[in-house]
Amino acid sequence: MHLKNGKVSTGVYVALVHLFFLLGLGRTNGGTINLPDISQLLSDVATILRLYNDLGGWNEDGTDGSYIDLYMKDHPGLSVAQARERAVDIIASQWKSLNKECFRLNQYFSASSFTKASLNLARIVPLMYDYDEDQRLPVLEEYVKFTLFNQTNTII
């Protein structure tokens with residue numbers, strides 16, 4: 001239940017549905033793709049974000065209400081490592097589902113930009129939660145530097 005509620009709280013559904021309509025895919029004048037057609041894709045991206053957030057933000061005193069904490073409460077005797085491994089397994093499963101959905105949706109030419117944007121959102125999630133010991137995001141910083149300055153040694 002936590003994961004189901006947590007997916008909604010990520011904001012992924014709102015952001016991607018908004019993008020769906022901005023791209024003109026939600027037109028009622030005979031468009032080839034409808035909002036229900038993208039529900040699995042939305043769920044996959046939201047799950048990936050939720051679990052990466054929980055893995056990145058989980059603290060070992062278990063008081064944050066993350067999926068890790070709640071999964072351990074539902075499965076007494078499970079170690080933190082086992083609960084984290086379960087979250088990683090779910091992420092891998094969601095990636096498989098997301099890729100499958102993108103291939104399925106690519107049959108609609110009009111959905112191409114939407115599926116690319118959805119994949120890109122899911123791809124950046126691990127970068128957003130890859131903190132170092134100083135609570136910085138070094139890989140994301142390097143990507144931003146490269147993108148903005150087309151070189152990796154310039155400091156922002």
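The values are calculated or read from the model by the stated rules, or taken from the named source; none is laboratory data. Computed from a prediction, not measured in an experiment: that's the story for all the values here. No Cβ is skipped: glycine too gets one built from the backbone with ideal geometry, and neighbour counts run over all protein chains shown.
Pick from region 57-81 the residues that are at pLDDT 80 or above and within 20 Å of ASP130 (Cα to Cα): which of them is surrounded by the fewest Cβ atoms within 10 Å (Cβ to Cβ)? Among residues in region 57-81 that are at pLDDT 80 or above and within 20 Å of ASP130 (Cα to Cα), the one surrounded by the fewest Cβ atoms within 10 Å (Cβ to Cβ) is ALA81. Of the residues ALA117, ALA81, which is without any contact (Cβ under 8 Å) to a residue 40 or more places away in the chain and not in a loop (DSSP other than H, G, I, E, B)? Among ALA117, ALA81, only ALA81 is without any contact (Cβ under 8 Å) to a residue 40 or more places away in the chain and not in a loop (DSSP other than H, G, I, E, B). Of all residues in region 132-143, exactly one satisfies the criterion of being surrounded by 14 or more Cβ atoms within 10 Å (Cβ to Cβ) and assigned to a loop (DSSP other than H, G, I, E, B), namely LEU137.
What number of residues within region 84-108 satisfy the criterion of being touching a residue at least 24 places away in the same chain (Cβ under 8 Å) and not charged (D, E, K, R)?
From region 84-108, those touching a residue at least 24 places away in the same chain (Cβ under 8 Å) are 84, 87-88, 90-91, 94-95, 97-98, 101-102, 105, 108; that's our starting set.
Right, trim to not charged (D, E, K, R) and you get 87-88, 90-91, 94-95, 97-98, 102, 105, 108.
Final tally of qualifying residues: 11.
Does TYR71 count as among the hydroxyl-bearing types (Ser, Thr, Tyr), under 20 Å from the mean Cα position of the chain (by Cα) and part of a helix (DSSP H, G or I)? When the stated conditions are applied, TYR71 passes them. Just for region 100-114: of the residues that are assigned to a helix (DSSP H, G or I) and at pLDDT below 85, which one is nearest to GLN40 (Cα to Cα)? In this case the residue turns out to be ALA111.
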